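Presented below is the structure to which this report refers.
The values are calculated or read from the model by the stated rules, or taken from the named source; none is laboratory data. What you see is a predicted model; the values in this text were computed from it and never measured. We place every Cβ from the backbone using ideal geometry, glycine too, and count neighbours over all the protein chains shown. Ligands, DNA and RNA are stripped out before the accessible areas are found, and what is left, the full protein with its side chains, is counted by its heavy atoms. Shrake-Rupley method; radii C 1.70, N 1.55, O 1.52, S 1.80 Å.
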Amino acid sequence: MVAGRHIRFTAVLVGVVLSLTGFSAHGRHGGSGGHGCSSGKSSHSSTNDSNSSNSSTGSGKSKKSDAPAHATVVSCAAPGRTRAVLQVTSDLDTQRTVEVPLTFEGNAGTVDRTSVRVTLKPRETQTVTVPMASPGQVNDVQRCQVGRIA
């Protein structure tokens, strides 16, 4: 009798673990039904190393959100360059002006914060330059982080 309970407990435990990791008994896995990984676009960008000019760390894409647009850091501020360059893409089928918040971060935390307003046509992508609000702090900047686009 104890062995039967042990087997049932193990079976239930395995089922719970599989459901929490996005697998189901039907052979489907994460990415469908909201479990596991997804490949939608995010309103948050990945950060970009201040020495990198064209690539961002991470995928730049995460789960789908309700934000009207998403942004990717193309280049971040660095000594001698007091601005960041972002690529902002509309996720809407209508024209909309969005506010894109940007945080310039250093090893000790936030160095500077600012935002830029961008008017995007349906599904349009624009490259925008975002100057630092406090350019005297540029030497402390290590990376840039896009906030939630509204």
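Taking the condition of being more than 13 Å from residue 132 (Cα to Cα) and in a strand (DSSP E or B), how many residues in the range 87-102 meet it?
Counting residues in the range 87-102 that are more than 13 Å from residue 132 (Cα to Cα) and in a strand (DSSP E or B) gives 9.
Residues are listed down the side, and each one gets a yes or a no for (1) open to solvent by 70 Å² or more (accessible area, probe 1.4 Å); (2) at pLDDT 95 or above; (3) polar (S, T, N, Q):
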{"site": "43", "(1), (2), (3)": "no, no, yes"}
{"site": "63", "(1), (2), (3)": "yes, no, no"}
{"site": "81", "(1), (2), (3)": "yes, yes, no"}
{"site": "95", "(1), (2), (3)": "yes, yes, yes"}
{"site": "111", "(1), (2), (3)": "no, yes, no"}
{"site": "117", "(1), (2), (3)": "yes, yes, no"}
{"site": "138", "(1), (2), (3)": "no, yes, no"}
{"site": "143", "(1), (2), (3)": "yes, yes, no"}
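Of all the residues that make up the range 97-109, how many are surrounded by 15 or more Cβ atoms within 10 Å (Cβ to Cβ) and within 15 Å of residue 72 (Cα to Cα)?
6
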